Amino acid sequence: MSPTRTFAVLLVVVAAACGVLAIRSTDSAKASGSTVAMPGTPAWSARRVPQPIVDAVGAQRLQGALDATTAGTDTCFLVDEGGAPLASHNPDTPLIPASTQKLLTTSAGLAVLGPTTTLDTRAVAAQAPQDGSVERLYLVGGGDPLLVTPEVQALRDTVPELRGSPTTSLAALADSIVAAGVKRIPKGIAGDDSRYEDLRYLPTWKDTYRTEGQVGPLGALTVNGGFSALRPRPTPVDDPAVFAAEKLTELLEDRGVAVGKAATRENAPAGAVEIAKVSSPPIADVVGEEISTSDNLGSELLTREIGLQALKQGTTTAGTQAIIAKLAELGANTANATMVDGSGLDRGNRSTCTLLLGAFELGQRPEFAALWNGLAVAGEKGTLVDQIGGDLTGKVRGKTGSLDGVTGLVGIVDVGRPLRFAFLANGGFTEQAGIELRGRIARAIATFPDAPPADELVPQPATTGQP
């Protein structure tokens with residue numbers, strides 16, 4: 001039922017109810033011999049206008065405001081309060097979701113892996129250290145996207161969007177290797193990222209995603225996001241596993257360990273002995289980081305881990321299939337959805353506002369709390385740290401999505417009552433114009449319920465008795 005029709009129906013129902021109250025009051029007064037005019041609030045009074053009437057008017061105005069704001073674009077939006085719809089437009093129309101798709105990946109990740117699971121990066125050898133020596137050390141990747149060196153950790157701390165987000169310390173692994181008694185590695189360190197496929201970039205991605213540093217090379221063993229330098233512009237490495245082995249070599253040499261040869265790529269031998277390991281933060285925190293900062297690499301690696309756990313294949317294809325299946329199992333409406341990747345970078349992805357809001361609302365459940373805990377916050381945190389802000393600072397929380405001609409925002413607007421919403425728009429606008437558009441959407445939602453004063457929603461009661 002449309003908001004306009006809903007309003008009309010509610011108005012008729014409430015008016016009828018108030019009319020009945022007025023008749024009963026009049027009959028009661030006559031039976032007792034009293035005059036009809038009574039002190040206090042009349043039965044049909046502004047002070048007795050039920051909240052549903054105010055909300056229905058507010059919903060009607062919200063619908064109009066959102067329709068006007070999105071005119072000229074291919075759009076879907078859905079706004080509700082506790083599951084009760086307030087405004088909607090084409091909620092089941094599939095559109096390019098950009099990074100709002102990360103909500104699908106992360107919600108499935110929490111379901112498949114569990115919020116307390118960690119991703120372990122291990123240092124192993126053919127045998128335990130002998131007289132302080134291991135002939136060759138193997139660095140085995142476990143899919144942790146947050147491994148960083150101290151230099152990159154310091155750099156992240158200077159970026160408002162990244163400051164305070166969780167990471168995993170490669171230096172801590174180096175410390176543990178030294179603590180295990182390793183002093184010499186004559187044949188050097190080999191990187192092993194055999195946990196996942198070695199497809200570094202999806203063939204359907206724009207090459208600028210690589211050249212402009214939107215995402216580093218994908219692999220189960222990745223340090224510093226797969227970039228050898230981040231400034232003045234990100235420089236992706238050719239082989240993330242070898243690069244990780246090189247960075248560990250440097251850290252160990254800084255700690256006095258003699259490493260005999262340059263880093264290479266090689267799978268660890270069967271039955272290798274674990275020398276040390278470093279664990280990622282819990283998946284709940286990994287997911288939170290991916291949502292807050294819109295981490296493309298992290299979302300792609302999580303997709304492959306989901307594929308490995310659900311279908312025994314650490315591939316993007318297996319991961320996206322498993323994500324859709326898990327969301328359907330959780331009760332989300334996956335009709336019309338297409339997932340090519342886990343991050344939302346691919347323009348072949350399609351999602352609906354119904355699906356996005358359905359996945360988002362899983363955050364009400366304790367096991368999915370990371371979905372909401374990780375949201376960017378207007379003017380304060382993550383991808384919204386410098387957006388929306390002003391009088392809405394801290395009042396809008398959401399997952400953003402941006403590509404040229406694509407914008408999206410899924411989240412919560414606090415108007416004294418939490419309103420949950422999903423919004424996507426596709427069109428001929430620039431990325432910056434899309435960011436401004438979703439800001440206007442958030443501001444329109446924040447006006448709810450933009451209704452006239454209650455005394456304008458009801459007729460003035462008829463006066464009786466002496467003038």
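Is there a pair in Lys102/Lys395; Lys312/Lys399; Lys247/Lys277; Lys326/Lys381; Lys102/Lys206 whose C-alpha atoms are over 24 Å apart, and which pairs would that be?
Lys312/Lys399; Lys326/Lys381
What is segment 171-214 by shape, rounded, prolate or oblate, if you read a ≥ b ≥ c off the alpha carbon gyration tensor as root eigenvalues and call it rounded for a/c under 1.5, prolate for a/b larger than b/c, and oblate otherwise? Before the final figure, lay out each step's value.
On the way: a/c = 3.60, a/b = 2.62, b/c = 1.38.
Taking the square roots of the gyration eigenvalues as a ≥ b ≥ c, segment 171-214 is prolate.
For the chain, which DSSP H helices look membrane-span-like by this rule: Cα extent along the axis of 27 Å or more and mean Kyte-Doolittle of at least -1.0? Intermediate values should be presented prior to the final figure.
Details: long enough: 3-32 (43 Å, 1.06).
For the chain, where a helix must reach 27 Å along its axis and average at least -1.0, the hits are 3-32.
Can you give the FRET efficiency for Thr264 and Thr204, using 1/(1 + (r/R0)^6), R0 = 22 Å, r = Cβ-Cβ distance, to the nearest 0.05?
Given R0 = 22 Å and the Cβ-Cβ separation, E is 0.10.
Where the only charges are on Cβ atoms (+1 Lys, Arg; -1 Asp, Glu), what is the dipole of segment 46-147 about its Cα centre, to the nearest 20 debye?
Roughly 340 debye for segment 46-147.
Given N residues in segment 118-281, what is Rg(Cα) / (2.2 N^0.38 Å)?
Segment 118-281 yields a ratio of 1.03.
If you take the beta carbon distance between Thr338 and Thr116 as r and set R0 to 30 Å, what does 1/(1 + (r/R0)^6) give as a FRET efficiency, to the nearest 0.05?
0.45
Cα gyration tensor of segment 61-206, axes a ≥ b ≥ c as square roots of the eigenvalues: rounded (a/c below 1.5), prolate (a/b > b/c) or oblate?
The shape class here is prolate.
By per-residue mean of other Cβ atoms within 10 Å, what is the highest-first order of 262-270, 300-308?
300-308, 262-270
Report the extension gain between Glu253 and Glu367 in nm, rounded to one decimal, defined as 0.36 nm multiplied by the number of residues separating them, less their alpha carbon distance.
Fully extending the segment from Glu253 to Glu367 adds 36.8 nm.
Quick one: Cα convex hull volume of segment 264-346, Å³ per residue?
154
Counting other Cβ atoms within 10 Å of each Cβ, which trypsin sites (Lys or Arg not before Pro) in segment 177-219 have at most 16 and sit in a DSSP loop?
Lys183, Lys187, Lys206
Hey, got the dipole for the chain? About the Cα centre, +1 on K and R Cβ, -1 on D and E Cβ, debye to the nearest 20?
In debye, rounded to 20, the chain gives about 840.
Applying a 10 Å radius around every beta-carbon, put 327-335, 347-355 in order of their mean neighbour count, most first. Spell out each step's value before the answer.
Working: 327-335: 16.7, 347-355: 22.9.
Per-residue Cβ counts within 10 Å, averaged per peptide and sorted highest first, yield 347-355, 327-335.
Pop a pseudo-label 7 angstrom from the Cα along the beta-carbon direction at both Arg231 and Thr430 and give the gap in nm to one decimal.
Output for this residue pair reads 2.5 nm.
What are the extents of the Cα atoms of the chain along their three principal axes, listed from largest to smallest and rounded to whole Å?
109, 45, 39
Residues of segment 118-134 with backbone nitrogen within less than 12 Å of a virtual label 7 Å along the Cα-to-Cβ line of Ala180, please, listed as ranges.
121-130, 133-134
Readers should treat all values here as calculations from the given coordinates under stated rules, not as data from a laboratory. Quick caveat, the model's predicted, so the values are computed rather than measured. Heads up, the Cβs are rebuilt from the backbone with ideal geometry, glycines too, and the neighbour counts pull from every protein chain shown.
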